[in-house]
Amino acid sequence: MAMIVKTSGPVWRTGRCAAALALLCAVACSNETGNVGDDIPQADITNNETAPPSAEEASSPSPSKPVAEEAQRAGEQGVRSAGFYRLAWSGDKQCEGLLSVLNDAHVQTGKAADYADAQARDYLATSSNVEWADAGDGVQSASLDYFNDGVARLIERRRGMLSGNRIIALWAGAKSGDFQHLDFGHAGANTKGFPQYDNLHTKLTYSVADIVDISGRYLTLVAPLADFDKSGAVFAMSWRLKAGAAAPYEAQNYYPVVSCVAEPAKSNSEEG
């Protein structure tokens, strides 16, 4: 289910005094048998611009970067080699198209802001990703038909902190001007026939996200932080309309499911 948190405006844009936002997430022992609508514990999300990282955060290991066949050129953030991913699970006809996009050799230029940004670039960047506009203070924005329902919405991609971990999350604008956090934690439990993954709710919560356009349909790519899942897996998410929802639809009228899972053809965990 899409667990939603409302804010009266993009609070993360305020560098001096970021308000704590209640992100609905589960602890590592969360199980994946919950039903749509289950209540889960809350954790605080804060703007990563509020203060410099603590000594503990600074000493946290950075996620491993994929091995590339090509040598990195000066100034490049990273190179993901062609054929890096394999399709580990498919529940959607768009999965082959997604795998093709993910497996195009891709280069990211510039310097990553932090380890979450580096992981998002290394694992999620493709030539078909949404073109984000810089809104300042670690916020990116784009207007798109995110739920594939014919309605353009303002979507923000925000960098922040969750329990001492840097994450990148998505927020959807509403007609009221509020922004609603898009939570993918229950996507596995919402997906029929989906295989069991240990602590999946936690992995999908402590993660980085981006949006990709596959033949005119948007999928959300979610990669768990390496400290929570070293496999390098990428989960592609789509949205379903809740039964009984009435138009005009808002973000709370949808719930997320897993469409595809891509994993490195050679596991990162085998590389040392």
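The values are calculated or read from the model by the stated rules, or taken from the named source; none is laboratory data. All values derive from a computational prediction rather than experimental measurement. In this analysis, Cβ positions are derived from the backbone assuming ideal geometry, glycine residues included, and neighbour counts consider all displayed protein chains. For accessibility, only protein heavy atoms count, side chains too; no ligands or nucleic acids. Shrake-Rupley method; radii C 1.70, N 1.55, O 1.52, S 1.80 Å.
Annotation: extensible slack from Thr109 through Gln196 equals 27.7 nm (criterion: 0.36 nm per residue apart, minus Cα-Cα distance). Here is the list for the range 96-162: GluC sites (Glu not before Pro) lying in DSSP coil, each with at most 13 other C-beta atoms within 10 angstrom of its C-beta, are Glu131. Heavy-atom accessible area for Trp239, with the other protein chains in place and a 1.4 Å probe, reaches approximately 30 Å². When the charge dipole of the range 88-161 is built from unit charges on Cβ atoms (+1 for Lys and Arg, -1 for Asp and Glu) and taken about the Cα centre, the candidate among Leu102, Met161, Tyr123 whose Cα reaches farthest toward its positive end is Met161. For the residue pairs Lys175/Lys203; Lys192/Lys242; Lys111/Lys266; Lys192/Lys230, alpha carbon separations beyond 21 Å are given by Lys175/Lys203; Lys111/Lys266; Lys192/Lys230. Projected label points at Phe228 and Ala243, each 7 Å from Cα along the beta carbon direction, are separated by 3.0 nanometres. Sites listed here are trypsin sites (Lys or Arg not before Pro) in the range 207-263 whose DSSP assignment is loop and whose Cβ has at most 16 other Cβ atoms within 10 Å: Lys230, Lys242.
Would you kindly calculate the translational diffusion coefficient of the range 177-267, applying Stokes-Einstein with the Kirkwood radius from alpha carbon pairs, for 10 °C and a viscosity of 1.306 mPa s, and quote it in µm² s⁻¹ without decimals? This corresponds to a translational diffusion coefficient of 112 µm²/s.
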